[in-house]
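Have a look at the structure below, then the notes.
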Amino acid sequence: MSLFEHPHRRYNPLSNEWILVSPHRTKRPWQGKTDEIRIPESCTYDPGCYLCPGNKRADGDTNPAYQSTFIFRNDFSALYPQVPDADIDEGGLLRAHSEKGICRVICYSPRHDLTMPLMEPEAIRSVVDLWTDQYRELGELEHIGYVQIFENKGSQMGCSNPHPHGQIWADEQVPQLPARECTAQKEYHESHSSCLLCDYLARELKKGERIVFENGSFAVLVPFWAIWPYEVMLLPKQHHASLLTLSDNERNDLADALKRTGTRYDNLFSTSFPYSMGIHQQPTDGNDHPEWHVHFHFFPPLLRSATVKKFMVGYELLAMPQRDITAELAAANLRKMPETHFLVR
Ligand code: H2U
Ligand code: ZN
């Protein structure tokens, strides 16, 4: 279709935002920044790592000799529960309110050198179980209206340590981006009497051009409206508002989908693929959210190699997001990748 061969705007119905796509620019020469290639860590235990079993953390606590996953309160939490309620509003121009919350760190494995694609499916399943339990436990707290589980992977995404880990920040109020998704899903649900992401996924599965792969219960696709070059969304085929209602089999399929997504990513540029990943689940604000469909976003910065990344600068910071490589081409490139990790071939 010629629309997709020329500059065009695409709509993101989840965030109610637009993105500019400039497919003709993919042939432009690159004379910009090239990072030094990092060889993946290979030691199973690092005495200097604050996440390895038995080691001391920055606040002086010692990690237990954990065998599977390990969770602790973030020693430098951005949010904490004991905050006095307070508000200001001066003419709608100076507004602020207090915010309570809880921040935790999750170690995926005692092994310092592993990442999700190199972990056994059973070990990834343990992480899925922990995410589910944490979402339940934190969401049940009265002052927690939203639970954000996420992971920064790789130093290019600001990750502080190669030890496989993620974070949870649980907030009193629903933060801005999930709040936008909440509004969009709610409006769609009210006007169509169906779920936005169920309907979207059905269309994508029928078309196939943006699907990376699927298993029995999950699909991984490059969204039509993706901003980052190799951004993907991972979502269950059945309607689930959160991880809580996934069956045992669906949890196993989720672990499988996470391993395969990570493997394809790493194989794309033969590197430990950096990204920020997060799970969007229904708010835990005490309201019903039949509109909400749980999904994972992966936002990786790499564009053309292990060293050439996309910068969100200039027009993106000042006007709107923009991409060159189309979502369809990105999906085709990821679809071509083998599912055996390049480090174990
Ligand atoms: P990142 O790799 O995404 O930065 O996450 C690591 C988190 O671990 C970070 O939020 C916390 C940092 O505050 N941390 C501790 O809680 N204890 C430590 O000893 C070091 C780091
Ligand atoms: Zn470690």
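Over all projection directions, the Cα-based convex hull of the chain averages an area of 19.7 nm². Restricting the trypsin sites (Lys or Arg not before Pro) of segment 108-191 to loop positions (DSSP other than H, G, I, E, B) with no more than 13 neighbouring Cβ atoms within 10 Å leaves nothing. Scaled against the 2.2 N^0.38 Å expected of a compact globular protein of N residues, the Cα radius of gyration of segment 158-225 reads 1.48.
Distances between every pair of Cα atoms in segment 38-87, grouped in 10 Å steps from 0 to the bin holding the largest one, split as 20, 38, 26, 10, 6 percent. Put the Cα centre of segment 52-91 next to the Cα centre of segment 138-184 and the gap is 13 Å.
Solvent-free Debye calculation, one equal scatterer per alpha-carbon of segment 202-313: log10 I(q)/I(0) at 0.14, 0.18, 0.23 Å⁻¹ equals -0.61, -0.96, -1.34. Calculated on the alpha-carbon coordinates, the convex hull of segment 247-291 measures out at 107 cubic angstrom per residue. Solvent-accessible surface of segment 77-129, taken per residue with a 1.4 Å probe and all protein chains present: 53 Å². Working note: Karplus 6.51/-1.76/1.60 with θ = phi - 60° gives segment 100-112 the couplings 9, x, 9, 10, 10, 10, 10, 8, 7, 7, x, 7, 5 Hz, where Gly and Pro are set to x. Within a straight-line Cα-Cα reach of under 25 Å, Lys237 can be paired with the following lysines, leaving aside sequence neighbours fewer than 8 residues apart in one chain: Lys186, Lys206, Lys207, Lys259, Lys336. Across segment 268-335, the mean sequence separation of Cα contacts (distance under 8 Å, 6 or more residues apart), normalised by length, yields a relative contact order of 29 percent. Available extension along the chain between Leu244 and Ser77 is 57.6 nm, counting 0.36 nm per residue and deducting the alpha carbon span. For segment 45-147, GluC sites (Glu not before Pro) are listed when DSSP marks them as loop and at most 16 other Cβ atoms sit within 10 Å of their Cβ; the list is Glu99, Glu140, Glu142. Stokes-Einstein diffusion coefficient for segment 271-345 at 10 °C in a medium of 1.306 mPa s, Rh from the Kirkwood formula over Cα pairs: what value in µm²/s? Once the numbers are plugged in, D ends up at 100 µm²/s. When the alpha carbon coordinates of segment 63-157 are projected onto the principal axes, the ranges are 56, 33, 22 Å, largest first. Computed over segment 40-107, relative contact order equals 26 percent, with contacts defined as Cα pairs under 8 Å that lie 6+ residues apart. With contacts taken as Cα pairs under 8 Å and at least 6 residues apart, the chain reaches a relative contact order of 21 percent. When you filter the chymotrypsin sites (Phe, Trp or Tyr not before Pro) in segment 290-345 for DSSP loop state and at most 15 other Cβ atoms inside 10 Å of their Cβ, you are left with Phe311, Phe342.
The values are calculated or read from the model by the stated rules, or taken from the named source; none is laboratory data. Only a predicted model underlies this, so the values are computations on that prediction, with no experimental measurement involved. We place every Cβ from the backbone using ideal geometry, glycine too, and count neighbours over all the protein chains shown. Side chains are part of the model used for accessible areas, which takes the heavy atoms of the whole protein and leaves out ligands, DNA and RNA. Shrake-Rupley method; radii C 1.70, N 1.55, O 1.52, S 1.80 Å.
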